[in-house]
Amino acid sequence: MHHQNLLNDKSMGKTLIAYYSRRGENYVNGSIKNLKLGNTEVVALKIKALLPDADVFQIDTTYEYSKDYMTCIEEAKQELHDQARPEVKNPLGSIDEYDTIILGYPNWWGTMPMVCYTFLESYDFTGKRIIPFCTNEGSGMGSSVRFIKKLCPGATVEDGTPIHGAEAANADSEAREIAAQLHNRFIPSR
Ligand SMILES: Cc1cc2nc3c(=O)[nH]c(=O)nc-3n(C[C@H](O)[C@H](O)[C@H](O)COP(=O)(O)O)c2cc1C
C-alpha cells in the first residue's frame, strides 16, 4: 500500500502562506493612496484566517523601496531589467515541512517582484504544490506563473488567482477559493 502511504504522508504536510507586499503609496483606481497594509498582505491575512494551521512568511527585502510610488516603479523596472536577486530578509532556514505553498505577490511590470525569484531559487520545491495569487491593477497574473514553473520545475504549480488590488479588502470569495484549493489536492496518477 505504498500509494496509500504516499497520500497519507502528503496530507500530513503543512501549508505555508508566503507573500510579498509593499506598504506605503500605491496606485488605487487611478489615484495614489497611502496604504497601511499592502493589498497582497490584506488578502494573505484573509487566507490565514481561513487556514489557522498554516504558517505565514512575509517575503521582504533587506532594503526598502522608495515610499514614493513613481520612484518605486522605476526602481522595480531597473531590477527587472538587471534580473536582480534582492536578498530576502530573515529567510526561512528550510521549507521541508511544507507540502503546499500559497504564494502571494503584486504584479510588478507583468511579473513578480524580483525578491520572489530569490525566494523561489532558495529552496527545492520538488514534490510540493504552489498555489499562486497576484494582486494587480489590471494585468492579472501576467507572466508570473510561467516564471514560477521555470524556477520550480519539480513542483505542481496551479494556474493562480488574480485579484484586483483595489478590491483586496473585499476579496473574501477569492480568499475562500484559494483556501479551498487545499482540499482538492493533486493526486499522483501512479
Ligand atoms: C513597482 C510596481 C509595478 C507595478 N506594475 C504593475 C503592472 O505591470 N501591472 C499591474 O496590473 N499592476 C502593477 N502594479 C500595481 C500593483 O500590482 C498593485 O497595486 C498591487 O495590488 C500592489 O500590491 P501590494 O500593495 O501588496 O504591494 C505595480 C505596482 C508597483 C509598485
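Structural remarks
- 0 to 90° range, to nearest 10: angle between helix 69-82 axis and the chain longest Cα axis: 60 degrees
- Multiplying the residue separation of Asp96 and Ala49 by 0.36 nm and subtracting their alpha-carbon distance yields 14.6 nm.
- For the chain, the longest principal axis of the Cα atoms and the long axis of helix 2-12 meet at an angle of about 40 degrees.
- Most fluctuating residue given options Asp68, Asp99, Asp60, as computed from a GNM of the chain linking Cα atoms under 10 Å: Asp68
- The loop-placed chymotrypsin sites (Phe, Trp or Tyr not before Pro) in region 48-86, going by DSSP, that have at most 13 neighbouring Cβ atoms within 10 Å of their Cβ come out as Tyr63.
- Projected area, mean over directions - region 2-183, Cα convex hull, nm²: 10.1 nm²
- Region 92-109 residues near the modelled Lys149 label - backbone nitrogen below 11 Å, point 7 Å along Cα→Cβ: none
- Listed cross-link partners Lys77/Lys128; Lys48/Lys128; Lys89/Lys149; Lys14/Lys48; Lys89/Lys150; Lys14/Lys128 are compared with a 21 Å cut-off, the Cα-Cα value being larger for Lys77/Lys128; Lys89/Lys149; Lys89/Lys150.
- Count Lys and Arg as plus one, Asp and Glu as minus one, and take only other residues whose Cβ is under 12 Å from that of Tyr63; the net charge is then -4.
- Axis angle, to the nearest 10 degrees, between helix 39-50 and the longest C-alpha principal axis of the chain: 30 degrees.
- Amide H partners (placed H, <5 Å) of Val157, local residues excluded: Ile130
Rule-based calculations on the coordinates, nothing more; no lab input. Just so it is clear, the structure is predicted and the values come from calculations on it, not from any experiment. Glycine also receives a Cβ, built like all others from the backbone with ideal geometry; neighbour counts cover every protein chain displayed.
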